[in-house]
Amino acid sequence: MTQSRFDSVVSALRALTDDVSSFLPIRTARTLLSRSVQRPAPPALRIGQHEAALPIVQGGMGVGISLSGLASAVANAGGIGVIAANGIGLLEQDYYRDGRAANLRAFRREIRTAREKTNGLIGANIMVAVNDFHELLDVAIEERVDVVFMGAGLPIKGLPVDRMRSAGVAAVPIVSSVRAVDMIFRMWNKIYKDVPDAVVFEGPLAGGHLGFSAEQIDDPEYQLEAIVPQIVEALVPHEEQAGRRIPVIAGGGVFTGEDMQRVLDLGAAGVQMGTRFVATDECDADQAFKDAFVSATAEDIGLIKSPVGMPGRAIRNQFIRDAEEGKRPAFRCAWQCLSSCKADDARYCISIALNNARLGRLRQGFVFAGSNAARVTAIQPVADLIAELRDGYVAAVQRIVGGRVGALVERIDALRRQYAAKRAADAAAAAEIRDQIAARLAEAWSLVTARTDAVR
């Protein structure tokens, strides 16, 4: 339903309300007609003490893809921009001399640079599995990022929760199951007498490393539609205990504003998106990296076996095919950044491969990408992408609300005719019909005057 179709439904509702004002209480009709129709808008996203104008979290993309440039642009547009800490030290000249120190230095610099560019919300994505997780988390706290997203492992033990609270840093685990949510929240309550501020669920259609087996990736039981409502329900007792809402943010396969509306209708409070933000002017990767998304076909998007022991989704290229065929490129790991990494077995270092891709050297690396990457057709500014998502959300809401209001208008019109037929012969029946008309009118007007999230 287009904007004009939505307007026509509202016009029909106004005309019908005016028509029945002859037998409805005049104050009732005037009150309804005086209401202002609101253009639906995406709801704000509140995480802890922080509130983003839009329910959009830019996914953290490691090894230099989402740095201060992309994160600050997203924050300026009303979402939550995220700097990914994983492999960030590869931006430094001395990474091969001291990878740990290079990571911390580059991470701190990117946070500070982002702060100089925006007053919006800046988050950090830190992998629990990396060997410098706690040091990177210390930097995020010291620099007072707004939100820390913690994935690739369960963020449970040894966390400086008190310091995070004192610094105003919201804590958000990234999970791939309800079981992980239950474990994290139960242990946080036991150890810290506290709970995380939100949860990100990354579904199996996401890009990069996936928290699912190859068999689960296409299984309907593991998709957003199945898992998001379960997580929302699982969080209810924790919300009651904490006395605050704990929002669920869902990612993986979210591409349009209509997708955003659909995910929010599942009970999520926000969406996480990565692939769309790669194809932006402000993305911190080389132009060749971005162009790989524009030129990719659906057949190019597939799974790989990563050296970290997890399946991943990427744009499959010659580098990946060579590695799978045993053609091992020469490489030297700077340090054991991940204790479980099996670079020798996989025949390449994934950080080096991803960094080469970031620099545009796609023959020496590859690009992680979501399942919808082939739908990317052009590079655009972040502000334009955010506006497109917002407009798509609004159009989706108006289609749904317009359909509901249209059905109510038809029902009210039928009741109006029944009232006319009964008015002279059966006063009691006519009065009952009149009450039904008033109730249905109030329902219809409540839909078209709701400011946000009218379809939920």
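The values are calculated or read from the model by the stated rules, or taken from the named source; none is laboratory data. Fair warning: this is a prediction, and the values are worked out from it, not measured in the lab. We place every Cβ from the backbone using ideal geometry, glycine too, and count neighbours over all the protein chains shown.
Quick one: would you say ASP197 is buried (at least 23 other Cβ atoms within 10 Å of the Cβ), touching a residue at least 24 places away in the same chain (Cβ under 8 Å) and of a type in the set (Asp, Glu)?
Values: buried (at least 23 other Cβ atoms within 10 Å of the Cβ): yes; touching a residue at least 24 places away in the same chain (Cβ under 8 Å): yes; of a type in the set (Asp, Glu): yes.
Spelling it out, ASP197 is indeed buried (at least 23 other Cβ atoms within 10 Å of the Cβ), touching a residue at least 24 places away in the same chain (Cβ under 8 Å) and of a type in the set (Asp, Glu).
Only one of these is among the aliphatic types (A, V, I, L, M) and under 14 Å from the mean Cα position of the chain (by Cα): ALA52, ALA12. Name it.
Step by step, each of ALA52, ALA12 is checked, and only ALA52 is among the aliphatic types (A, V, I, L, M) and under 14 Å from the mean Cα position of the chain (by Cα).
Name, by its number, the condition in (1) at pLDDT below 95; (2) over 20 Å from the mean Cα position of the chain (by Cα) that does not hold for ALA85.
(2)
In the stretch 5-41, which residue that is without any contact (Cβ under 8 Å) to a residue 60 or more places away in the chain and of a type in the set (Lys, Arg) is surrounded by the most Cβ atoms within 10 Å (Cβ to Cβ)?
The residue in question is ARG14.
Going through the stretch 251-275 one residue at a time, which ones are out of contact with any Ser or Thr (no Cβ under 9 Å at 6 or more places or on another chain) and over 22 Å from VAL401 (Cβ atoms)?
Within the stretch 251-275, GLY251, GLN272, MET273 qualify.
Using the structure shown, decide if PHE212 is touching a helix residue (DSSP H, G or I) at 6+ places or on another chain (Cβ under 7 Å) and within 30 Å of ALA292 (Cβ to Cβ). Lay out the reasoning, then the answer.
Values: touching a helix residue (DSSP H, G or I) at 6+ places or on another chain (Cβ under 7 Å): yes; within 30 Å of ALA292 (Cβ to Cβ): yes.
So PHE212 passes the test.
Where the second residue is surrounded by fewer than 20 Cβ atoms within 10 Å (Cβ to Cβ) and the first is acidic (Asp, Glu) and lies in the stretch 248-269, which pairs have Cβ atoms under 7 Å and are six or more apart or on separate chains?
GLU258/GLY392; ASP265/VAL455; ASP265/ARG456
For SER66, all conditions in the list (1) surrounded by fewer than 19 Cβ atoms within 10 Å (Cβ to Cβ); (2) touching an Asp or Glu at 6+ places or on another chain (Cβ under 7 Å); (3) of a type outside the set (A, V, I, L, M) hold save one; what is the number of the exception?
(1)
Quick check on ILE88: is it of a type in the set (A, V, I, L, M, F, W, C), closer than 23 Å to PRO55 by Cα and touching a Gly at 6+ places or on another chain (Cβ under 7 Å)? Quick ask: steps written out before the conclusion?
Values: of a type in the set (A, V, I, L, M, F, W, C): yes; closer than 23 Å to PRO55 by Cα: no; touching a Gly at 6+ places or on another chain (Cβ under 7 Å): yes.
Judged against the criteria, ILE88 is not a match.
Out of the residues in the stretch 278-308 meeting the condition of being among the small types (Gly, Ala, Ser) and in contact with a helix residue (DSSP H, G or I) (Cβ under 9 Å, 6 or more places away or on another chain), tell me which one is farthest from ASN86 (Cα to Cα).
First pass over the stretch 278-308, keeping only residues among the small types (Gly, Ala, Ser): 279, 285, 288, 292, 295-296, 298, 302, 306.
If we keep only those that are in contact with a helix residue (DSSP H, G or I) (Cβ under 9 Å, 6 or more places away or on another chain) as well, we get 279, 285, 288, 292, 296, 298, 302, 306.
Details: ALA279: 20, ALA285: 15, ALA288: 21, ALA292: 22, ALA296: 25, ALA298: 28, GLY302: 22, SER306: 15 Å.
Result: ALA298.
Here is a yes/no grid of residues against (1) over 21 Å from VAL263 (Cβ atoms); (2) without any contact (Cβ under 8 Å) to a residue 24 or more places away in the chain; (3) over 26 Å from the mean Cα position of the chain (by Cα); (4) part of a loop (DSSP other than H, G, I, E, B):
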site: ASP384; (1), (2), (3), (4): yes, yes, no, no
site: ALA395; (1), (2), (3), (4): no, no, no, no
site: ILE400; (1), (2), (3), (4): no, no, no, no
site: ILE412; (1), (2), (3), (4): yes, no, yes, no
site: ALA421; (1), (2), (3), (4): yes, yes, yes, no
site: ILE433; (1), (2), (3), (4): yes, yes, yes, no
site: ALA438; (1), (2), (3), (4): yes, no, yes, no
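Would you point out the residue of the stretch 235-258, among those that are in contact with a Gly (Cβ under 7 Å, 6 or more places away or on another chain) and part of a helix (DSSP H, G or I), that is nearest to VAL397 (Cα to Cα)?
By that ranking, first place goes to GLU258.
Hey, can you tell me all the residues within the stretch 247-279 that are surrounded by 24 or more Cβ atoms within 10 Å (Cβ to Cβ), among the β-branched types (Val, Ile, Thr) and closer than 17 Å to GLN380 by Cα?
Correct list: THR275, VAL278.
What residue, of ALA44, ALA52, is surrounded by fewer than 18 Cβ atoms within 10 Å (Cβ to Cβ) and in contact with a strand residue (DSSP E or B) (Cβ under 7 Å, 6 or more places away or on another chain)?
Values: ALA52 fails: surrounded by fewer than 18 Cβ atoms within 10 Å (Cβ to Cβ).
Exactly one of ALA44, ALA52 is surrounded by fewer than 18 Cβ atoms within 10 Å (Cβ to Cβ) and in contact with a strand residue (DSSP E or B) (Cβ under 7 Å, 6 or more places away or on another chain), namely ALA44.
Counting residues that are at pLDDT 85 or above, which helices (runs of 4 or more DSSP H) fully inside the stretch 269-376 reach at least 2?
Values: elements: 275-278, 287-295, 318-324, 343-346, 350-358.
Where helices (runs of 4 or more DSSP H) fall fully within the stretch 269-376 and carry at least 2 residues being at pLDDT 85 or above, they are 275-278, 287-295, 318-324, 350-358.
In the set SER72, SER66, which member is polar (S, T, N, Q), part of a helix (DSSP H, G or I) and in the same structural domain as GLY168 (by TED's automatic domain parsing)? Lay out the reasoning, then the answer.
On the way: SER66 fails: part of a helix (DSSP H, G or I).
After ruling out the rest, the residue left standing is SER72.
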